[in-house]
Amino acid sequence: MAGNSIGQLFRVTTFGESHGICIGAIVDGVPSGIDLCEKDLQYDLNRRRPGISKFVTPRKELDHVKILSGVFKGKTTGTSIGLLIMNYGHNSNEYKYIENIYRPGHADFTYHKKYGYYDYRGGGRASARETVVRVAAGAIAKKFLLNYYNIIINGYLTQIGNIKFNAPNFLKIKNNKFYCLNKNKIYKLNKFLNMLKKSGNSVGAKVTIIAKNIPIGLGEPVFDKLNADIAHALMGIGAVKGIEIGDGFKFVSMLGSNSRDEMHHNGFISNHAGGILGGISNGQPIIINLAIKPTSSIKIPIKTINHDNTNVNLSNHGRHDPCIGIRIIPVAEAMLAIVLMDHILRQQTQCINK
């Protein structure tokens, strides 16, 4: 199965399934001499971890990461870093009822038709469980970016269903389970998500990711544009169905006279472009919006087919998030960090005198 790696110089390769023994990764390209320990990775893993509130999947996982290689006496050695996270909270019997049924909205149908065989337990390799090790690898990149370039990456919920939020204060958002600080809307959001849980339904979300203090010059002008690689990485998250960089789809209704970013000797006056021009970072914050689809595994019955192409009705009764957007934020931050670190290392080799 191809497509398990991302990055050129900073390269992350993942392995494992939702109901397998473990999830793991090999991380190549980390420079030597960087302070690194398991605690550095655990913070973001705890943000993504299932079972942290009543509005995410109740699957119980500790998500404790083990660094197997590439670190000696608390510093990176420049060799491959091996990461391992054990799976403990899976219950494969919960999925026995769909062994021969395709779940609409999931990868069951396409995986089976492509490979002729697939792991139906929680989606196997297609499960969001796989993203846990992306977060661990991304935490390495986030530490490198912060310590050596002062690059800060933060994400927050912009919208759940029809409930919209303002940009939060990132210094206060850490202990907020919804990644938002609109206190006047928390009650409304709680009520809405409780209603969804009781009805067995789910809802989509809009997530915003912002990276600040980006150096000028990251990205290549043709096929390896920074925005193209960012889109590739973020669209590689299973639940992401749309991406905007800068004003994105707002450009459709804008005029050229008000969509450009005027320049001044002190810098840009606006940031419609979202920090990227011609595929290359311009030094402004990189601003990304993601459209997150609703969870497909819900209790409300739906028509589908089984492996014999027979019509059947299906009602899912596994453990699932009523809104994936709540837990996807640290995953999106991680994927952006992986792309930025890769491009920084590429920039160092290509423009050595800069």
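Scan segment 267-277 and give yes if some residue there is crowded, with 21+ Cβ neighbours inside 10 Å and in contact with a His (Cβ under 7 Å, 6 or more places away or on another chain), otherwise no. Spell out how you get there, then give the answer.
Taking segment 267-277 and keeping what is crowded, with 21+ Cβ neighbours inside 10 Å, we get 273-276.
From the residues that got through so far, the ones that are in contact with a His (Cβ under 7 Å, 6 or more places away or on another chain) too are none.
No, because not a single residue in segment 267-277 is crowded, with 21+ Cβ neighbours inside 10 Å and in contact with a His (Cβ under 7 Å, 6 or more places away or on another chain).
One line per residue, one yes/no per condition, for (1) in contact with a strand residue (DSSP E or B) (Cβ under 7 Å, 6 or more places away or on another chain); (2) hydrophobic (A, V, I, L, M, F, W, C); (3) on the phi > 0 side of the Ramachandran plot:
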residue: LYS303; (1), (2), (3): yes, no, no
residue: ASP308; (1), (2), (3): no, no, no
residue: SER315; (1), (2), (3): no, no, no
residue: HIS320; (1), (2), (3): no, no, no
residue: ILE324; (1), (2), (3): yes, yes, no
residue: LEU336; (1), (2), (3): yes, yes, no
residue: LEU345; (1), (2), (3): no, yes, no
residue: GLN350; (1), (2), (3): no, no, no
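Here is a yes/no grid of residues against (1) under 30 Å from HIS272 (Cβ atoms); (2) out of contact with any Phe, Trp or Tyr (no Cβ under 6 Å at 6 or more places or on another chain); (3) in a strand (DSSP E or B); (4) not acidic (Asp, Glu):
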| position | (1), (2), (3), (4) |
| --- | --- |
| PRO294 | yes, yes, no, yes |
| THR304 | no, no, yes, yes |
| MET335 | yes, yes, no, yes |
| MET341 | yes, no, no, yes |
**Request:** Determine whether segment 325-332 contains at least one residue that is among the hydrophobic types (A, V, I, L, M, F, W, C), in a helix (DSSP H, G or I), over 25 Å from GLN159 (Cβ atoms) and out of contact with any His (no Cβ under 7 Å at 6 or more places or on another chain).
**Result:** no
**Asked** Is there any pair linking a residue in segment 297-315 that is among the hydrophobic types (A, V, I, L, M, F, W, C) to one that is loosely packed, with under 11 Cβ neighbours inside 10 Å and assigned to a strand (DSSP E or B), with Cβ under 9 Å and at least six apart or on different chains, and which?
**Response** ILE302/ASN313; ILE305/ASN311; VAL312/LYS303; LEU314/LYS303
**Prompt:** Considering segment 25-44 alone, what residues qualify as being under 22 Å from the mean Cα position of the chain (by Cα), surrounded by fewer than 21 Cβ atoms within 10 Å (Cβ to Cβ) and assigned to a strand (DSSP E or B)?
**Reply:** ILE26, ASP28
**Asked** Going through segment 155-179 one residue at a time, which ones are surrounded by fewer than 17 Cβ atoms within 10 Å (Cβ to Cβ) and either within 24 Å of ILE216 (Cα to Cα) or modelled with pLDDT under 65 (or both)?
**Response** ASN169, PHE170, LEU171, LYS172, LYS174, ASN175, ASN176, LYS177
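Which of the residues belonging to segment 291-325 are within 24 Å of LEU41 (Cα to Cα) and touching a Lys or Arg at 6+ places or on another chain (Cβ under 7 Å)? Quick ask: steps written out before the conclusion?
Of all residues in segment 291-325, those within 24 Å of LEU41 (Cα to Cα) come to 321, 324-325.
Correct list: ASP321 only.
Quick one: which residue in ASN289, ASN311 is at pLDDT 95 or above and either acidic (Asp, Glu) or surrounded by 14 or more Cβ atoms within 10 Å (Cβ to Cβ) (or both)? Write out each step before concluding.
On the way: ASN311 fails: either acidic (Asp, Glu) or surrounded by 14 or more Cβ atoms within 10 Å (Cβ to Cβ) (or both).
One residue alone meets the criteria, ASN289.
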**Prompt:** Scanning for something under 15 Å from the mean Cα position of the chain (by Cα), under 26 Å from HIS106 (Cβ atoms), surrounded by 11 or more Cβ atoms within 10 Å (Cβ to Cβ) and at pLDDT 95 or above, does segment 216-229 turn up at least one residue?
**Reply:** no
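The values are calculated or read from the model by the stated rules, or taken from the named source; none is laboratory data. Just so it is clear, the structure is predicted and the values come from calculations on it, not from any experiment. In this analysis, Cβ positions are derived from the backbone assuming ideal geometry, glycine residues included, and neighbour counts consider all displayed protein chains.
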